[in-house]
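What follows is a single structure, written as structure tokens, with notes after it.
The values are calculated or read from the model by the stated rules, or taken from the named source; none is laboratory data. Just so we're clear, the structure is a prediction, and the values are computed from it rather than from any experiment. Heads up, the Cβs are rebuilt from the backbone with ideal geometry, glycines too, and the neighbour counts pull from every protein chain shown.
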Amino acid sequence: MSAPSAASFGRHIRVEGWEFTVSVLVGLGCGVVLLIAVVFLPWWGDNLTLNAARIVSDNLYGAAGALTAPWLWLLPLVTLLAVVLGLWGALKSDYDGVAAAGMTLVGLVGLSYFLLTFDRRTTSPPGAGYWLALLACLGLVGQFALAHPRVIVAVWGRRRLPWSLPKSAWPLVFLLPPLLLYFVWIIAPTVYTIYLSFTDWDSVSDPRYIGLRNYVYLFTRDRNFTESLINNLRWLIVFITVPTTLGLAMALIFNTEMRGGRWYKVSFYAPLVLSLPVIGLIWAWVYNPRLGLINQFLMQVGVSPLPGWLGDRRLAIWCVIAAAVWRQVGYVMVLYLAGLKNLDPTLLDAAMVDGANRWQLFRFVILPLLAPVTTIIIVISIIDSLRAFDLVAIMTRGGQSTQVLANFMYMEAFNNYRMGYGAAIAVILFLISLVFIGFYLSRVVKEELEY
Amino acid sequence: MSRQLFWSLVGVILVSLAVLVACATPTPVTVEVTREVVREVQVTVEVPKEVRVEVTKEVIKEVPVMARSILYNSYAGDPKPRAFDEKTIADWNAAHPDMPVEASIIAHEDFKQAIRAYLTADPAPDVLTWFAGNRTRFFVRRGLIRDISKMWADNKFDEVYAPGFKALATTDGKQYFLPTSYYWWAIYYRPSLFEKAGITKTPETFDELLDACAKLNAVGITPITIGARFKWPAAGWFDYLNMRTNGPQYHIDLTDLKVPYTDEGVRKTFANWRRLIDAKCFIENPAAFDWQEAIDPMVQGQAAMYLMGQFIVDSYPDELENDLDFFRFPIIDPNVPIGEDAPTDGYFMSARARNSEGGEAFLAYLGSREVQQRAFEELGRLPTRTDVDISKASPAIQKGIKLIQSADFIAQFYDRDTTPPMAEAGMDGFLRFWDNPDDLDQILADLEAERQRILAEEGQ
């Protein structure tokens, strides 16, 4: 008997007339459906929060007013076992028969819950999750029958399964889920945002089409927009110069063998481990004009008058950028260190034999060889500076002339409830980013062709 | 390799700790407060647990009833209000096991951002905390708030709520809001520092305030502290200066966008503000601190006054509270009526509420005398009901109630009286003015442009 199935992977000991791989996959599918039904779907009634997992936990926790459902804990158990058995059977095809049989037993256990509670339908109407779980349990029991070719013939009318696709179609099948997710979460929202930017939506009423008015207002009347653009530009210029040079310098220093070099590397990399909001909070303390680290130090030294840092309109944006640079330097250093480790030592030796001094060695050998790393670092810096948001939101909430595009967009959309206007800012930010990303991609594609 | 990895990890942890220790050197006083707060939360958390266990046993014996929970979203994120909220919910759940409240309590600022998502979500929360004034009217106009006139009538709230608060709850003749508490704004000060500077009585007129500033400056004490990093505390100064200069009706017309910002009255307000700035009344770099950080100079005896809401006492060290008092914002023009900021908080039901029956019952409970009495005793929040017993209140509370009762008009606060974009632009303008008072013409022109834009958009 040969029932070739494209879904069967690897070595397979076949019992005459039985094709367990299909059953195991169907069982696994039932397990996943069960998982979704138990965790996400309403169990009793249509209250979304009242799903099976919640009811079980309420019973265990003894919450006030909890539904009493003594045997419901069986289902999470069944779900877990079905998924584990399904994965085991699918990955170890030697044991898929055992897995299929196990899933049938597990399904029977699941069905027993429904037998016990079936008469309760009258007091509390079951929700979608309840019915879907029942179907999945029936599937778990029934999948065993699918293993027999005769059943397959009876169900589909021929021996070949409908999902035995031609080989060339398989890449598409595997690409489809990620493409679908990409469409739902990236493409569709982008298109929707572009549409919203032509409306005056306030997130409550219906959006109304107003043409280019949002854009016209942005470019002709809005001081905050110009301020944000200038601040983003400042951020960008500082970001592609200061952390890059400092990071390169530190990488060159720490690349040499030195006592405690590893400690220095770790300590400069440490800020990257902290999340940006935490960095914002720490630096807000450091900048505190009365109790902060900097002014306490300046006071000891005898500086007067003490600067106001975040309280000073001319200094505030530079204070925020400095905090961002503090974090970025370690990152750039690590990238350059990796680049330096990959340099071909023979090239360096050859240059030294030719009598190059340290500066010439750096300028004409190391720096050109590091060019690919530098490109990546500059692109990362540009993107990081364009999406700057966290630090501004935490440290000043855009006050004190520190507004940047991302925070400006956030404020307009979610504080002032001008979603259409916020969308217009988002579109402009997107277009600016697109220029740099396009430049980067064209570089990458060209380099790939060269090699 | 694994040993090196281990040491690197240890290094990272040590460095981050060192950074944290180096940067966060809070005053010992602040540390004390934190400890106190933690203790309180632990105490209150235990209460609902005990209650819950008993109730569950009971339910299991009874006929299984479908629990129709009430979804309640609250912004009582600060420790004391949060403990109060949790206790209220626990009490309700103990009495109504068939209709338990499921609460989601989040931080004040986050709540303000999230409420639109809540209101247009499905299912929407049944009961929500919110602010009276423009903030509520906005949602009422868009049909997102449920008409609770029946709940008002059924519970005879008309008879026990002061008429001013019923007016605050009413839009177009129907009640949409349940105002439950309010707090006053005033100038808080430390009597001991006033004594040190030789100030014998609290300032009642603007000149006396300027005089107090001069005396405090003479002994090296910053007269007035303010933390305007997140802008809104500056709006308190604008509210009071404008109400004292031009009267409350002018102020409410301005925030309703009926008066241009380039008006002569607004200029007079800013001229008075400038007198305070020129007299060096304020702390240096007000925009460098958030409102709680600006309390520190007061605690340390380096600053004497702070125009702030009554909630300042929640963040003020308990052991220093006997050296904290407040006085009414000084009179500038004795001929105009006296207006006070008394932002009113309360509850409403969303128009999409699933459990409208339970929501109304819970709302009635939140507006009951029992809960208001507790809010009054435990949080010192002023009750909106007239039948709450206030005889046991501290002298400070009695003084605050008198302050509000003697006012001719109650305002809600700048960012609650005007629209969100205008509030944002206005508060930004106030800080720009603070930074450079000479820039006033440009600032007022910008604010007027924003007002015109909002009017044009609403007019369509």
Residue count, the range A:157-197, condition of a type in the set (Phe, Trp, Tyr) and either more than 30 Å from A:Tyr209 (Cα to Cα) or at pLDDT below 90 (or both), comes to 3
Consider B:Ile221 carefully, then state whether it is touching a Lys or Arg at 6+ places or on another chain (Cβ under 8 Å), under 19 Å from B:Pro297 (Cα atoms) and not hydroxyl-bearing (Ser, Thr, Tyr). yes
From the options B:Lys156, B:Lys112, residue that is away from chain A (no Cβ under 14 Å) and among the basic types (Lys, Arg): B:Lys156
If I ask for residues that are free of Cβ contacts under 8 Å to residues at least 24 places away in the same chain, over 18 Å from A:Gly142 (Cα atoms) and of a type outside the set (A, V, I, L, M), which ones from the range A:80-106 would you list? A:Trp88, A:Lys92, A:Tyr95
Filter result for the condition that a residue is among the hydroxyl-bearing types (Ser, Thr, Tyr) and more than 14 Å from chain B (Cβ to nearest Cβ), over A:Thr241, A:Thr226: A:Thr241
Cross-chain or 6+ apart pairs with Cβ under 7 Å, the range A:250-262 first and at positive phi, then outside any helix (DSSP H, G or I): none
Mind listing whichever residues of the range B:400-438 are of a type in the set (A, V, I, L, M, F, W, C) and either over 20 Å from the mean Cα position of the chain (by Cα) or within 17 Å of A:Gln400 (Cα to Cα) (or both)? B:Ala423, B:Ala425, B:Met427, B:Phe430, B:Leu431, B:Phe433, B:Trp434
Among the residues of the range B:104-114, are any among the small types (Gly, Ala, Ser) and surrounded by 19 or more Cβ atoms within 10 Å (Cβ to Cβ)? no
If I filter the range A:344-375 down to residues being assigned to a helix (DSSP H, G or I) and charged (D, E, K, R), which single residue comes out as farthest from A:Val329 (Cα to Cα)? A:Asp349
Quick one: how many residues across the range A:25-76 are in a loop (DSSP other than H, G, I, E, B) and modelled with pLDDT under 85? 16
Give me the residue from the range A:235-249 that is of a type outside the set (A, V, I, L, M) and buried (at least 16 other Cβ atoms within 10 Å of the Cβ) and, out of that set, farthest from A:Leu337 (Cα to Cα). A:Trp235
Could you pull out the residue among A:Leu218, A:Leu236, A:Leu229, A:Leu180 that is in a helix (DSSP H, G or I) and either among the basic types (Lys, Arg) or farther than 22 Å from A:Asn407 by Cα (or both)? A:Leu180
Name, by its number, the condition in (1) hydroxyl-bearing (Ser, Thr, Tyr); (2) within 14 Å of another protein chain (Cβ to nearest Cβ); (3) out of contact with any Leu (no Cβ under 6 Å at 6 or more places or on another chain) that does not hold for B:Tyr306. (2)
Which one of these does B:Lys402 not meet: (1) within 15 Å of B:Arg328 (Cβ to Cβ); (2) surrounded by fewer than 17 Cβ atoms within 10 Å (Cβ to Cβ); (3) touching a residue at least 24 places away in the same chain (Cβ under 8 Å)? (3)
I need the full set of residues from the range B:448-460 which are within 11 Å of chain A (Cβ to nearest Cβ), surrounded by fewer than 20 Cβ atoms within 10 Å (Cβ to Cβ) and either under 24 Å from the mean Cα position of the chain (by Cα) or not hydrophobic (A, V, I, L, M, F, W, C) (or both), in order please. B:Gln452, B:Arg453, B:Glu457, B:Glu458, B:Gln460
Take residues that are within 36 Å of the chain's Cα centre (by Cα) and either more than 10 Å from chain B (Cβ to nearest Cβ) or surrounded by fewer than 18 Cβ atoms within 10 Å (Cβ to Cβ) (or both) and tell me which of the helices (runs of 4 or more DSSP H) falling wholly in the range A:256-325 contain 3 or more. A:261-269, A:276-287
Of B:Phe238, B:Phe206, B:Phe289, B:Phe270, the only residue that is under 25 Å from B:Phe138 (Cβ atoms) and in contact (Cβ under 8 Å) with a residue 24 or more places away in the chain is B:Phe238
Residues that are away from every other protein chain (no Cβ under 14 Å), surrounded by fewer than 15 Cβ atoms within 10 Å (Cβ to Cβ) and of a type in the set (Asp, Glu), drawn from the range B:251-292: B:Asp256, B:Glu264, B:Asp278
A:Leu310 - would you say it is in contact (Cβ under 8 Å) with a residue 24 or more places away in the chain and either closer than 30 Å to A:Leu367 by Cβ or touching a strand residue (DSSP E or B) at 6+ places or on another chain (Cβ under 6 Å) (or both)? no
For B:Ala396, are the conditions met, namely being small (Gly, Ala, Ser), surrounded by fewer than 19 Cβ atoms within 10 Å (Cβ to Cβ) and under 21 Å from the mean Cα position of the chain (by Cα)? yes
Going through the range B:417-447 in order, the residues found to be surrounded by fewer than 16 Cβ atoms within 10 Å (Cβ to Cβ) and either among the charged types (D, E, K, R) or facing another protein chain (nearest Cβ under 10 Å) (or both) are B:Asn436, B:Asp438, B:Asp439, B:Asp441, B:Gln442
Run B:Pro125 past the list (1) surrounded by fewer than 20 Cβ atoms within 10 Å (Cβ to Cβ); (2) modelled with pLDDT of 90 or more; (3) more than 9 Å from every other protein chain (Cβ to nearest Cβ) and report the number of the one that doesn't hold. (1)
Could you count how many residues in the range A:397-451 are in a helix (DSSP H, G or I) and either of a type outside the set (Val, Ile, Thr) or at the interface with chain B (Cβ under 10 Å from one of its Cβ atoms) (or both)? 35
